[in-house]
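A.B. asks: Below are the structure tokens for one structure; questions will follow.
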Amino acid sequence: MSGLDQLYQQLILDHAKRRTGNMPLLGAAEPPVGASHQINPTCGDEITVEARRDPATGRLLVRWDGEGCSISMASASAMTELAEECDPEGFNALEARFHELMHSRGQAQPDEEALGDAAAFAGVSKFPARVKCALLAWMALKDAVYQIEGADRA
Amino acid sequence: MLSAAQVARIRNDFPVFDREVAGTPLAYLDSGATAQKPATVIDAEQDFYAQRNAAVHRGAHTLAVEATEAFEGARAAVAAFVGADPDELCWTKNATEALNVVAYGLANASAGLGGAEAARFALGPGDTIVVTEMEHHANLVPWQQLAARTGAGLRWIPLGEDGRLDLTDLDDIVDEHAKVLAFSHVSNVLGTINPVGALVERARRVGALTVLDACQSAPHLPLDLHGLGVDFAAFSGHKMLAPTGIGALYGRAELLAALPPVLTGGSMITTVTMEGAQFMAPPQRFEAGTQPVAQAVGFGAAVDYLRHIGMAAIADREEALAQRLVEGVARIPGVRLLGPADAADRIASVAVDVQGVHAHDVGQYLDAQGVAVRVGHHCAQPLHRRYGVTASTRASAYLYTTDEECERFLAALAEVRGFFGADS
Ligand SMILES: Cc1ncc(COP(=O)(O)O)c(C=O)c1O
């Protein structure tokens with residue numbers, strides 16, 4: 001596979017189109033418990049991620065709105081699908097794994113079982129300029145989840 | 001105009017073009033960000049360190065004399081290259097610093113520094129600073145800061161749909177309250193060459209100072225600052241074949257003599273007591289501390305090289321490249337040109353928006369073909385916002401750019417939407 005095909009795996013291009021979670025934000029009627037806005041200053045990519053914990057299941061509900069390159073949009077989509085299977089603690093563990101993978105400079109073997117579609121981003125870690133793109137949504141959700149946990153602690 | 005054979009010879013002077021990227025020869029179309037360096041510039045810097053390295057303007061030993069001569073010789077060469085007198089040219093680290101030296105100099109004058117002579121530079125509430133909507137952040141943020149510091153207002157000349165400044169309301173925007181009109185000679189995104197004459201004339205009528213960001217004109221066009229009649233100008237060496245770390249501030253002699261310095265300390269004073277200090281005359285007044293001497297010498301070598309090739313020939317050649325790029329882009333479906341659609345009054349810097357594909361992805365695809373372009377907002381967020389995008393892809397050419405490199409860019413650009421499925 002060429003470097004370009006490793007970066008833009010079909011799964012990533014599909015997610016960039018599908019954009020799971022890219023829906024109207026929860027808004028005031030249903031107040032989000034956590035919300036975070038992140039910017040990638042080098043290219044102006046932006047994302048706002050909102051998260052709430054479903055009181056019945058304890059799982060996260062994620063919505064996002066953003067604009068950016070295919071890597072950042074696909075990453076937000078894959079992340080949403082994974083995060084909605086998780087409670088806050090589970091997401092944090094997942095985020096730590098993804099973060100580590102992204103900083104592996106192409107060396108790490110992704111744990112496909114744990115990371116699901118997000119494992120397809122392993123190739124991104126070979127492109128230092130794009131790591132930030134892949135991490136943008138994750139940084140936002142991590143922040144939003146931190147707020148949820150903070151509200152729990154209070 | 002430079003022939004293909006001349007361009008080939010020019011390329012031989014640039015060691016970097018021996019490099020391959022992605023298994024193909026490098027097609028470097030990012031000269032708007034920074035230019036590649038000819039061996040004469042690399043050698044001049046190295047030779048300075050190897051043969052003449054010493055502190056300038058002090059010490060009577062042979063090396064100190066030679067170093068000073070090389071340093072001041074470079075100043076004279078760069079000044080002549082842009083149509084200025086040597087004493088009107090102050091070294092700075094880059095254009096950003098030069099623009100800040102003017103803006104903060106005005107702030108210092110507004111705070112009462114510099115005595116009666118500097119009072120002409122003072123701003124306050126009721127005054128305005130005028131910029132344009134196309135500015136690089138380097139010629140926008142310092143003015144926002146100056147406005148915030150002094151209470152002056154900030155206004156701007158808008159951009160039209162065609163990528164040129166919309167001067168319809170010029171007389172209203174640059175009215176009798178205007179104290180400063182700061183604008184770029186050439187847009188680093190759109191490639192537009194602005195009508196300096198009309199802007200200077202209007203500023204003069206209302207008594208506003210003109211500050212020209214010449215970053216994208218000095219490398220590409222014959223430049224005559226005296227002829228243009230601007231009050232201040234800024235440019236960076238690295239965009240015109242020189243090393244990084246060296247740029248210049250031009251100011252009309254009379255103005256530099258009255259402007260309060262921003263950086264103060266060693267090498268810029270005449271007398272210092274515990275209570276205060278007296279400053280040297282320009283340009284030294286604006287060159288506090290040890291200067292980037294080897295870089296200045298490299299800058300001198302860079303303008304010698306450009307002068308040897310001839311700026312008129314370079315500008316003609318780049319107009320042909322601009323035409324090739326603009327026409328080529330127009331033939332690609334789903335690709336929108338930002339900036340003037342004709343080759344007149346523009347340089348060969350061509351920014352595009354590829355529908356359905358983010359600029360980062362475009363740049364990545366091009367890089368995989370060995371084509372180096374710039375993607376992002378190019379330090380001009382308001383400009384991009386004006387055209388409804390957050391980022392664009394920019395190909396920018398220079399004297400060493402070949403027709404074939406432009407064709408490689410265009411061919412790869414034509415494939416991008418297909419690769420990302422944006423054409424389905
Ligand atoms: C029009 C313009 N102004 C200012 C600058 C700032 O130059 P520097 O980063 O060398 O200070 C640039 C460079 O990107 C430019 O293109």
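The values are calculated or read from the model by the stated rules, or taken from the named source; none is laboratory data. All of these numbers come straight from a predicted model, not from anything done at the bench. When we count neighbours, we look across all protein chains shown, and the Cβ atoms used for this are built from the backbone with ideal geometry, even at glycine.
A.B. asks: State whether the residues of the range B:130-149 include one that is within 14 Å of another protein chain (Cβ to nearest Cβ), within 16 Å of the ligand (Cβ to nearest atom) and without any contact (Cβ under 8 Å) to a residue 60 or more places away in the chain. First the steps, then the outcome.
C.D. replies: Let us first name the residues in the range B:130-149 that are within 14 Å of another protein chain (Cβ to nearest Cβ), namely B:137, B:141.
Add one more test, that the residue is within 16 Å of the ligand (Cβ to nearest atom), and what stays is B:137, B:141.
Retained after the next criterion (residues that are without any contact (Cβ under 8 Å) to a residue 60 or more places away in the chain): B:141.
Checked against the condition, which is being within 14 Å of another protein chain (Cβ to nearest Cβ), within 16 Å of the ligand (Cβ to nearest atom) and without any contact (Cβ under 8 Å) to a residue 60 or more places away in the chain, the range B:130-149 yields at least one hit.
A.B. asks: Please find, within the range A:59-82, the residue that is farthest from the other protein chains (Cβ to nearest Cβ) out of those that are under 9 Å from the mean Cα position of the chain (by Cα) and among the small types (Gly, Ala, Ser).
C.D. replies: Across the range A:59-82, the extreme among qualifying residues is A:Ala78.
A.B. asks: If you don't mind, another one. Just a yes or no: is a residue in the range B:152-168 surrounded by fewer than 20 Cβ atoms within 10 Å (Cβ to Cβ) and part of a helix (DSSP H, G or I)?
C.D. replies: No: zero hits.
A.B. asks: Going by the structure shown, is B:Gly126 in a loop (DSSP other than H, G, I, E, B), at positive phi and within 16 Å of the ligand (Cβ to nearest atom)?
C.D. replies: Numbers: in a loop (DSSP other than H, G, I, E, B): yes; at positive phi: yes; within 16 Å of the ligand (Cβ to nearest atom): no.
Answer is no for this residue.
A.B. asks: Here's something else I'd like to know. List the pairs whose first member sits in the range B:12-40 and is more than 19 Å from B:His220 (Cα to Cα) and not assigned by TED's automatic domain parsing to the domain that holds B:Lys239, whose second member is surrounded by fewer than 17 Cβ atoms within 10 Å (Cβ to Cβ) and modelled with pLDDT under 95, and whose Cβ atoms are under 6 Å apart, counting only residues at least 6 apart or on separate chains?
C.D. replies: Partner pairs satisfying both residue conditions: B:Leu26/B:Arg19.
A.B. asks: Report the residue count in the range B:349-363 for those that are of a type in the set (A, V, I, L, M) and either at the interface with chain A (Cβ under 9 Å from one of its Cβ atoms) or more than 23 Å from the chain's Cα centre (by Cα) (or both).
C.D. replies: 4
A.B. asks: Further question: With touching a residue at least 40 places away in the same chain (Cβ under 8 Å) and within 11 Å of the ligand (Cβ to nearest atom) as the only criterion, which of B:Ala218, B:Ala253 stands out? Walk me through how you get there before you give the answer.
C.D. replies: Working: B:Ala253 fails: within 11 Å of the ligand (Cβ to nearest atom).
Step by step, each of B:Ala218, B:Ala253 is checked, and only B:Ala218 is touching a residue at least 40 places away in the same chain (Cβ under 8 Å) and within 11 Å of the ligand (Cβ to nearest atom).
A.B. asks: I would also like to ask the following. Which residues, taken from the range B:408-424, are in a helix (DSSP H, G or I), within 14 Å of chain A (Cβ to nearest Cβ) and in contact with a strand residue (DSSP E or B) (Cβ under 8 Å, 6 or more places away or on another chain)? Reasoning before the result, please.
C.D. replies: Here is the first cut: in the range B:408-424, the residues in a helix (DSSP H, G or I) are B:408-419.
Retained after the next criterion (residues that are within 14 Å of chain A (Cβ to nearest Cβ)): B:412, B:415-419.
B:Ala412, B:Val416, B:Arg417 - these are the residues of the range B:408-424 that are in a helix (DSSP H, G or I), within 14 Å of chain A (Cβ to nearest Cβ) and in contact with a strand residue (DSSP E or B) (Cβ under 8 Å, 6 or more places away or on another chain).
A.B. asks: Can you pull out every residue in the range B:268-306 that is under 20 Å from B:Tyr250 (Cβ atoms) and in a loop (DSSP other than H, G, I, E, B)?
C.D. replies: Scanning the range B:268-306 gives B:Met268, B:Met280, B:Ala281, B:Pro282, B:Pro283, B:Glu287, B:Ala288, B:Gln291, B:Pro292.
A.B. asks: In the range B:232-245, which residues are within 12 Å of the chain's Cα centre (by Cα) and near the ligand (Cβ under 10 Å from one of its atoms)?
C.D. replies: Matches in the range B:232-245: B:Ala234, B:Phe235, B:Ser236, B:Gly237, B:His238, B:Lys239.
A.B. asks: Sort out which residues of the range B:119-130 are crowded, with 20+ Cβ neighbours inside 10 Å and of a type in the set (A, V, I, L, M), and write them in order of number. It would help to see each step written out before you state the result.
C.D. replies: Step one: list which residues in the range B:119-130 are crowded, with 20+ Cβ neighbours inside 10 Å, which gives B:121, B:123, B:128-130.
Listed by number, the residues that qualify are B:Leu123, B:Ile129, B:Val130.
A.B. asks: Something else: Name the residues in the range B:364-380 that are surrounded by 24 or more Cβ atoms within 10 Å (Cβ to Cβ), in contact with an Asp or Glu (Cβ under 9 Å, 6 or more places away or on another chain), within 11 Å of chain A (Cβ to nearest Cβ) and part of a loop (DSSP other than H, G, I, E, B), would you?
C.D. replies: Of everything in the range B:364-380, just one residue is surrounded by 24 or more Cβ atoms within 10 Å (Cβ to Cβ), in contact with an Asp or Glu (Cβ under 9 Å, 6 or more places away or on another chain), within 11 Å of chain A (Cβ to nearest Cβ) and part of a loop (DSSP other than H, G, I, E, B), namely B:Ala380.
A.B. asks: OK, next. Quick one: what pairs do we get from the range B:336-361, first residue under 21 Å from B:Asp423 (Cβ atoms), second surrounded by fewer than 16 Cβ atoms within 10 Å (Cβ to Cβ) and among the hydrophobic types (A, V, I, L, M, F, W, C), C-beta under 8 Å, 6+ apart or different chains?
C.D. replies: Pairs that qualify, where the first residue is under 21 Å from B:Asp423 (Cβ atoms) and the partner is surrounded by fewer than 16 Cβ atoms within 10 Å (Cβ to Cβ) and among the hydrophobic types (A, V, I, L, M, F, W, C), are B:Leu337/B:Ala330.
A.B. asks: Something else: Show the residue pairs that are 6+ apart or on different chains and have beta-carbon atoms under 6 Å apart, the first residue being within the range B:91-106 and within 23 Å of B:Ala76 (Cα to Cα) and at pLDDT 95 or above, the second being away from the ligand (no atom under 12 Å from the Cβ) and among the aliphatic types (A, V, I, L, M).
C.D. replies: Sorted first by the residue in the range B:91-106, then by its partner, the pairs are B:Trp91/B:Ala296; B:Val101/B:Val262.
A.B. asks: Kindly establish whether B:Glu117 is within 15 Å of the ligand (Cβ to nearest atom) and not β-branched (Val, Ile, Thr).
C.D. replies: no
A.B. asks: Residues of the range B:4-34 being assigned to a loop (DSSP other than H, G, I, E, B), at pLDDT 95 or above and farther than 16 Å from B:Tyr305 by Cα, which ones? Walk me through how you get there before you give the answer.
C.D. replies: Applying the first criterion (assigned to a loop (DSSP other than H, G, I, E, B)) to the range B:4-34 yields B:13-14, B:19, B:22-23, B:26, B:29, B:31-34.
If we keep only those that are at pLDDT 95 or above as well, we get B:13-14, B:29, B:31-34.
Within the range B:4-34, B:Leu29, B:Ser31, B:Gly32, B:Ala33, B:Thr34 meet the criteria.
A.B. asks: Quick check on my filter: what residues within the range A:41-82 are in a loop (DSSP other than H, G, I, E, B) and in contact with a Ser or Thr (Cβ under 6 Å, 6 or more places away or on another chain)? Show your work before the answer.
C.D. replies: Here is the first cut: in the range A:41-82, the ones in a loop (DSSP other than H, G, I, E, B) are A:41-44, A:54-59, A:68-69.
Result: A:Gly44, single match.
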